[in-house]
Amino acid sequence: MKNLEIKVEVGNFDDIKNHLVFSTHKDTLEQVDTYFLLGETKIKIREEKTMSELIVYFRKMKDGSRESIYYRLPLTSRSFFLANGILSFVFGVKVRVVKHRDLYVYKNTRIHIDSTNGLGNFVELETVCKDPLCDKEYHEEHEEIKQKLSISEYKTIAGSYSDLLWQKKLSHSF
């Protein structure tokens, strides 16, 4: 799949949540993402209360909106332990990101209101392009939501939560 995404750091969620009236609250999630040491390629296992999945994605590290190509594979409890064990042994664990996520949806866009342990509060937009011919429409939808939420007022984050935690971990090592 392909999506267009942006991540911004926010102090608190009040202003954002007041502007979410155009969207639908879908779920409140407790997630643990275990990232493995693979350089530019991101591979993680996401654990939630009722499911887990392997996610691999590719994207450039840059500020602002960026395209991402990703693959998701649901894991059974048995395949979770197998995949986690093999990836940990072969590549090593980079970091574990623990977050509380409120998930909102508008058309083809997932709006994540994330509170992450050790990092703070963030808002992510992920506009999914389900049809290879939908580039124009998904860019327009993404921009529409950025405007509705006044995303340009916030600091954009170029990397993933794993990159932020990794940098924090490295800075405390010296």
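For the subset of region 18-37 comprising residues that are more than 18 Å from the chain's Cα centre (by Cα) and aliphatic (A, V, I, L, M), which member is surrounded by the most Cβ atoms within 10 Å (Cβ to Cβ)?
Here the answer is 20.
Do you know which residues across region 133-174 are more than 19 Å from residue 105 (Cβ to Cβ), touching a residue at least 12 places away in the same chain (Cβ under 8 Å) and in a helix (DSSP H, G or I)?
Those that are more than 19 Å from residue 105 (Cβ to Cβ), touching a residue at least 12 places away in the same chain (Cβ under 8 Å) and in a helix (DSSP H, G or I): 161, 162, 163, 164, 165, 166, 168, 169.
Could you list, ordered by first residue, the pairs with Cβ atoms under 6 Å in which the first is in region 6-35 and under 25 Å from residue 53 (Cα atoms) and the second is among the hydroxyl-bearing types (Ser, Thr, Tyr) and surrounded by fewer than 16 Cβ atoms within 10 Å (Cβ to Cβ), at least 6 apart or interchain?
What qualifies is 8/156.
Among the listed residues 98, 32, identify the single one that is in a strand (DSSP E or B), hydrophobic (A, V, I, L, M, F, W, C), closer than 28 Å to residue 20 by Cα and out of contact with any Lys or Arg (no Cβ under 8 Å at 6 or more places or on another chain).
Working: 32 fails: out of contact with any Lys or Arg (no Cβ under 8 Å at 6 or more places or on another chain).
Of 98, 32, the one residue that is in a strand (DSSP E or B), hydrophobic (A, V, I, L, M, F, W, C), closer than 28 Å to residue 20 by Cα and out of contact with any Lys or Arg (no Cβ under 8 Å at 6 or more places or on another chain) is 98.
Conditions tested, residue by residue: (1) closer than 21 Å to residue 30 by Cα; (2) exposed (fewer than 14 other Cβ atoms within 10 Å of the Cβ).
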residue	(1), (2)
82	no, yes
88	no, no
96	yes, no
99	yes, no
109	yes, no
134	no, no
143	no, no
153	no, yes
161	yes, no
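No lab work stands behind these numbers, since they all come straight from the coordinates. Small disclaimer: the values here were computed from a predicted structure and weren't measured. For neighbour counting, all protein chains shown are included, and Cβ atoms are generated from backbone atoms with ideal geometry for every residue, glycine included.
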